[in-house]
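Please treat every number below as a calculation from the coordinates, not as lab data. Values in this document were obtained by computation on a predicted structure and should not be read as measured data. When we count neighbours, we look across all protein chains shown, and the Cβ atoms used for this are built from the backbone with ideal geometry, even at glycine.
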Amino acid sequence: KELIKVKGNQVSPTELESIIMQMPGVADCAVVGIPDILSGEIPRAFVVLRPGYHLTESEVCSFLEPKVAPYKKLAGGVRFLDVIPRNPAGKVLRDELKVFGANIEEVASS
């Protein structure tokens, strides 16, 4: 099981994903841990929207935050994708999302 370690606390990506999937307009999502200097790792959500829906990062975070402990909040933010990468069995390719997330940060900071 892929756990995210936030300041010594273990966060289950599937717990956060199941909450985000309850949000109207969300077709698919995946949560991964991204490196953070202060916390070790922080959760970041990748979200696929249903056709005709528009959601913002703050709307997704606001939906999740009252339902989870403070250390489980999406401190790594939310990124919107057209599709979540999965293997043929349907399992989320979390390593690809981690690399993709790191590449986004490099582009954003340059």
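If you go through region 48-84 and keep only what is part of a loop (DSSP other than H, G, I, E, B), aliphatic (A, V, I, L, M) and either surrounded by 14 or more Cβ atoms within 10 Å (Cβ to Cβ) or touching a Gly at 6+ places or on another chain (Cβ under 7 Å) (or both), you end up with Leu55, Val68, Leu74, Ala75, Leu81, Ile84. Cβ separations smaller than 9 Å between residues 6+ apart or across chains give the following pairs from region 69-80 residues that are over 17 Å from Lys7 (Cα atoms) and without any contact (Cβ under 8 Å) to a residue 40 or more places away in the chain to residues that are hydroxyl-bearing (Ser, Thr, Tyr) and surrounded by fewer than 17 Cβ atoms within 10 Å (Cβ to Cβ): Val78/Thr56; Val78/Ser58. Scanning region 1-11 for residues that are under 12 Å from Arg44 (Cα atoms) and either free of Cβ contacts under 8 Å to residues at least 40 places away in the same chain or part of a helix (DSSP H, G or I) (or both) yields a single hit, Ile4.
Taking the conditions exactly as written (at negative phi, of a type in the set (A, V, I, L, M) and outside any strand (DSSP E or B)), does Ile42 satisfy them or not? Here the answer is no, as Ile42 does not meet what is asked. For region 85-99, the set of residues classified as part of a helix (DSSP H, G or I) and free of Cβ contacts under 8 Å to residues at least 60 places away in the same chain consists of Asp95, Glu96, Val99, listed by residue number. What do you reckon, is Glu17 buried (at least 19 other Cβ atoms within 10 Å of the Cβ), in a strand (DSSP E or B) and of a type in the set (Asp, Glu)? The answer is no for Glu17.
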